[in-house]
Amino acid sequence: MASPRRTLPTVASYLVHAYTASGLVLAFLAVVAVMEGATARCLWLFLATMVVDGTDGMLARWVQVKRHVPWFDGALLDNIVDYITYAFLPMVLLWSTGALGDGTSAQVLAVVPLLASAYQFCRVDAKTEDHLFLGFPSYWNIAAFYIIVLDLTPTAAAVVLLVCAVLVFVPIGYVYPSRTTTLRATTLVLTCVWLASYAVLLVQAPDPSVAWLAVSVAYMGYYVALSLYLTARRGQQPVAAGG
């Protein structure tokens, strides 16, 4: 009979994996929202998936899932969920709302980020040893949020998506909010503020306040600036093995 000391960590590890898998449930509900034309509901579900994705890794490391359930690849599960929620669903949403325009050109534009992200998700160095994302980290759900909330024209939306797709292949290191050690506490606090701004802007849509937009965009500026700084620093000094 297994002792409670051995059983409890194993059960906790399975619960963490189930928590990660809950992103698939949210993804299905988002598909339903798209089919029903409930754009705002879909964007709320995007927010929920970001909360899950932003916390499941920390829980997994705390519970030590690799130690207690070594045969289950939680990282693979996380990648499956992330590709669906961060790449595939946002393109479906943008295409269905007409934010990308009409016809074949809209379909091609929706496919470009999917192919770029498929490449990135299969790179063995997509996450660096010093805990950065290499190349634009497939934040297509965030791009979709701004495109819809700001009511960008199809041309502007196309520019945003194509620029981000190109950046997937540019070796810039982007901050991994829950793991990048430099200014980690500051980044986590500001990320929570940004998530709050996401919710407020969604409530205020289609007429978001300038103040909350400024808060939201300011975080984007901080994120990009820190990413560029860390990329430049990586080029000036060797990265220690193990990050």
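Please state which one of Val69, Val51, Val63, Val34 is in contact (Cβ under 8 Å) with a residue 24 or more places away in the chain, surrounded by 15 or more Cβ atoms within 10 Å (Cβ to Cβ) and closer than 24 Å to Ser197 by Cα.
Just one listed residue meets the conditions, Val34.
Restricting to the stretch 97-126, and then to whatever is surrounded by fewer than 18 Cβ atoms within 10 Å (Cβ to Cβ), in contact with a helix residue (DSSP H, G or I) (Cβ under 9 Å, 6 or more places away or on another chain) and among the polar types (S, T, N, Q), can you tell me which residue is farthest from Arg41 (Cα to Cα)?
Residue satisfying both the conditions and the ranking: Ser105.
Residues in the stretch 52-63: is at least one modelled with pLDDT of 95 or more and over 21 Å from Arg179 (Cβ atoms)?
Within the stretch 52-63, not a single residue is modelled with pLDDT of 95 or more and over 21 Å from Arg179 (Cβ atoms).
The rows are residues; the columns are (1) surrounded by fewer than 12 Cβ atoms within 10 Å (Cβ to Cβ); (2) of a type in the set (Phe, Trp, Tyr); (3) within 28 Å of Ala106 (Cα to Cα).
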{"position": "Leu150", "(1), (2), (3)": "no, no, yes"}
{"position": "Leu183", "(1), (2), (3)": "no, no, no"}
{"position": "Ala196", "(1), (2), (3)": "no, no, no"}
{"position": "Val200", "(1), (2), (3)": "no, no, no"}
{"position": "Gln204", "(1), (2), (3)": "no, no, yes"}
{"position": "Trp212", "(1), (2), (3)": "no, yes, no"}
{"position": "Thr231", "(1), (2), (3)": "no, no, no"}
{"position": "Gly235", "(1), (2), (3)": "yes, no, no"}
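The values are calculated or read from the model by the stated rules, or taken from the named source; none is laboratory data. In this text the structure is predicted, and so the values were computed from the model without any measurement. In this analysis, Cβ positions are derived from the backbone assuming ideal geometry, glycine residues included, and neighbour counts consider all displayed protein chains.
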